[in-house]
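The values are calculated or read from the model by the stated rules, or taken from the named source; none is laboratory data. Treat the numbers as computed from the prediction; the structure is a model and nothing was measured. Methodologically, a virtual Cβ is constructed for each residue, glycine included, from the backbone with ideal geometry; neighbour enumeration extends over all protein chains shown. Ligands, DNA and RNA are excluded from the accessible area calculation, which covers all protein heavy atoms including side chains. Shrake-Rupley method; radii C 1.70, N 1.55, O 1.52, S 1.80 Å.
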Amino acid sequence: MAPADVDAEADVEANADVDVAIAGARAGAEVVRSLYGRRLTRFDKGAGDFATAADVEAEQAILEVLRAARPGDAVLGEEGGQQGAGPAEAVRQWLVDPLCGTLNYAVGNLLVAVNVALRDGAAAVADPFGGEVYFTDGRTAHVRQDGAGDTLLVPTSATRLVDVNLDPPFPSAPGFRAVELLAHPGFAEHFRPRVVSTTLALAWVAAGKRAAYVTDGGDLSGSVHFAAGIALCRAAGCVVTGIDGAPVGDGAPVGEGGHGLVAAADEETHGLLMSMIRGGFRGG
């Protein structure tokens, strides 16, 4: 097969995969909307974490889409765990977070996300209550608004808003504490903090609604919570590293990438934040 034919076939497959990701995210979002405001059963996960019936039912709806469209692919779900071949055996694996921001949802806060990502491929993040689906085929990133067409995502730091994840655990402490970043004098000089407590904020970085997003953690490239948002940011042209400055994923085996995440709209914003995190920022 000629190289041009190979590229064309890859394009077709990527387009099909992004359609599957969008359909899965939308299916999950529909469940999240339909169950909003109800008294839902909670399932304790320990350490203060829990899932609700909405998490479980949304994941099931997403799985039905994936099984119908991609029956041979493996799936790693936030609630159901690994299904199908393991990541070592599977050529393709979907990463599913059916309701990112469960605590927000449980207390009536509408800031939540539904994340569906093919590892190293297409991804979609649905905002169930904003009527938007952010998606990427791995090369470009767009947003689709209900009743409207697709718009290319263009990151910008113009808002100066930096979303910082303050949820535990804090594996990098005492070397890095997100709350100390917020208290850094240089942060207030250049940015304004926001705490959304959902990875919807990563999609907002790609869309120019946030200048950056910062969180502690391990290698997050293979995380059901972060994979879709990272894919969006990369495809949109954002600068994405760990809080240690090391690459996140980029084809490296899971567990060997950077720790945590700094996703910024541009090099300047990323550089300022990294300087503060490293303690070398002096302002001005």
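Per-structure values
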{"quantity": "Segment 133-270 shape via C-alpha gyration tensor axes, a/c threshold 1.5", "calculated": "oblate"}
{"quantity": "Rounded accessible area per residue of segment 74-211, 1.4 Å, Å²", "calculated": "42 Å²"}
{"quantity": "Cut-off 12 Å between beta-carbons: net charge of the residues surrounding GLY175, Lys and Arg +1, Asp and Glu -1", "calculated": "-1"}
{"quantity": "Spin-label model distance (nm) - ALA173 vs ASN15, 7 Å beyond Cα toward Cβ", "calculated": "5.0 nm"}
{"quantity": "222 nm mean residue ellipticity, helices alone, for the chain (DSSP H n ≥ 4; -39,500 (n - 2.57); rounded to 500)", "calculated": "-10500 deg cm²/dmol"}
{"quantity": "Whole-number Å³ per residue for the convex hull built on Cα positions in the chain", "calculated": "138 Å³"}
{"quantity": "Evaluated at q = 0.15, 0.18, 0.22, 0.29 Å⁻¹: base-10 log I(q)/I(0), Debye formula over Cα of segment 131-170", "calculated": "-0.58, -0.73, -0.85, -0.94"}
{"quantity": "All Cα pairs of segment 187-226, percent lying beyond 17 Å", "calculated": "36 percent"}
{"quantity": "Neighbour count of at most 15 Cβ within 10 Å plus DSSP loop: longest GluC sites (Glu not before Pro)-free window in the chain", "calculated": "90-255"}
{"quantity": "The chain, accessible surface, carbon-and-sulfur percent (1.4 angstrom probe)", "calculated": "54 percent"}
{"quantity": "Longest segment of the chain lacking trypsin sites (Lys or Arg not before Pro) that sit in a DSSP loop with at most 13 other Cβ atoms within 10 Å", "calculated": "161-281"}
